[in-house]
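**Student:** Quick one: the structure is below, and I'll ask about it shortly.
The values are calculated or read from the model by the stated rules, or taken from the named source; none is laboratory data. Note that the structure is predicted; figures quoted are calculated from it, not measured. Because the Cβ atoms are built from the backbone with ideal geometry, glycine has one as well, and the counts that use them run over all protein chains shown. Side chains included, ligands, DNA and RNA excluded: accessible areas come from the protein's heavy atoms. Shrake-Rupley method; radii C 1.70, N 1.55, O 1.52, S 1.80 Å.
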Amino acid sequence: MAAIQIGRVVVKLSGREAGKKAVVVDIIDNSYVLITGPQDISGVRRRRANISHLEPLENLIQIDRSATDDNVKEALESVDLLDFMKNPFTIPP
């Protein structure tokens, strides 16, 4: 299992969006990926994120590389993860 791959659900560990869940949409290089919540679901807008600031979860959705927020939302609905994505993750201090 590849830890960081397109479609992997992750939790942001740092920044103002810490504890919120997102989906990896594209892999930029060895250090950065493109993620999205989408913002209307989890509050994470589409942005570049450092891999070391993300914790991968076991959830994986089937999306194409650089999928739009609407495509990600449809994929989350198809595997019934919308409620899971809306609830923030508690990060211990």
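**Student:** For region 69-83, name all the residues that are open to solvent by less than 70 Å² (accessible area, probe 1.4 Å) and part of a helix (DSSP H, G or I). Quick ask: steps written out before the conclusion?
**Tutor:** Of region 69-83, the ones open to solvent by less than 70 Å² (accessible area, probe 1.4 Å) are 69, 72-73, 75-76, 81-82.
Hits for region 69-83 are 69, 72, 73, 75, 76, 82.
**Student:** Among the residues that make up region 35-44, is at least one of them modelled with pLDDT under 95, part of a loop (DSSP other than H, G, I, E, B) and out of contact with any Lys or Arg (no Cβ under 8 Å at 6 or more places or on another chain)?
**Tutor:** So far as region 35-44 goes, no, none of its residues is modelled with pLDDT under 95, part of a loop (DSSP other than H, G, I, E, B) and out of contact with any Lys or Arg (no Cβ under 8 Å at 6 or more places or on another chain).
**Student:** Looking at (1) open to solvent by less than 40 Å² (accessible area, probe 1.4 Å); (2) assigned to a loop (DSSP other than H, G, I, E, B); (3) touching a Gly at 6+ places or on another chain (Cβ under 6 Å), which one does residue 22 not meet, given that it meets all the others?
**Tutor:** Against the list (1) open to solvent by less than 40 Å² (accessible area, probe 1.4 Å); (2) assigned to a loop (DSSP other than H, G, I, E, B); (3) touching a Gly at 6+ places or on another chain (Cβ under 6 Å), residue 22 comes up short only on (2).
**Student:** May I ask you to list the residues in region 1-19 that are assigned to a loop (DSSP other than H, G, I, E, B) and either open to solvent by 40 Å² or more (accessible area, probe 1.4 Å) or touching a Pro at 6+ places or on another chain (Cβ under 7 Å) (or both)? Break it down stepwise before answering.
**Tutor:** Of the residues in region 1-19, the ones assigned to a loop (DSSP other than H, G, I, E, B) are 1-7, 13-19.
Matches in region 1-19: 1, 2, 3, 4, 5, 6, 13, 14, 15, 16, 18, 19.
**Student:** Among the residues of region 45-68, which ones are closer than 13 Å to residue 8 by Cβ, open to solvent by 60 Å² or more (accessible area, probe 1.4 Å) and out of contact with any helix residue (DSSP H, G or I) (no Cβ under 7 Å at 6 or more places or on another chain)?
**Tutor:** Hits for region 45-68 are 55, 58, 60, 65.
**Student:** Continuing with the same structure: If you go through region 25-37, how many residues are touching a Gly at 6+ places or on another chain (Cβ under 9 Å) and more than 13 Å from residue 75 (Cα to Cα)?
**Tutor:** At the first step, the residues of region 25-37 found to be touching a Gly at 6+ places or on another chain (Cβ under 9 Å) are 25, 37.
So of that shortlist, the ones also more than 13 Å from residue 75 (Cα to Cα) come out as none.
Adding up the residues that qualify gives 0.
**Student:** Would you check which residues across region 84-93 are open to solvent by 80 Å² or more (accessible area, probe 1.4 Å) and part of a helix (DSSP H, G or I) and list them? Spell out the reasoning first.
**Tutor:** Initial filter on region 84-93 (open to solvent by 80 Å² or more (accessible area, probe 1.4 Å)): 86-90, 92-93.
The one that is open to solvent by 80 Å² or more (accessible area, probe 1.4 Å) and part of a helix (DSSP H, G or I): 86.
**Student:** All but one of (1) over 20 Å from residue 4 (Cβ atoms); (2) surrounded by 13 or more Cβ atoms within 10 Å (Cβ to Cβ) hold for residue 42, so report the exception by its number.
**Tutor:** Result: residue 42 fails condition (1) only.
**Student:** Just the residues that are more than 9 Å from the chain's Cα centre (by Cα) and among the charged types (D, E, K, R), please, taken from region 1-48.
**Tutor:** Passing the criteria: 16, 17, 26, 29, 40, 45, 46, 47, 48.
**Student:** Oh, and also: Return the pair list, or none, for Cβ contacts closer than 6 Å from residues in region 46-61 that are closer than 12 Å to residue 22 by Cβ to residues that are at pLDDT 95 or above and of a type in the set (S, T, N, Q), at least 6 apart or on different chains.
**Tutor:** If the second residue must be at pLDDT 95 or above and of a type in the set (S, T, N, Q), the pairs left are 46/36.
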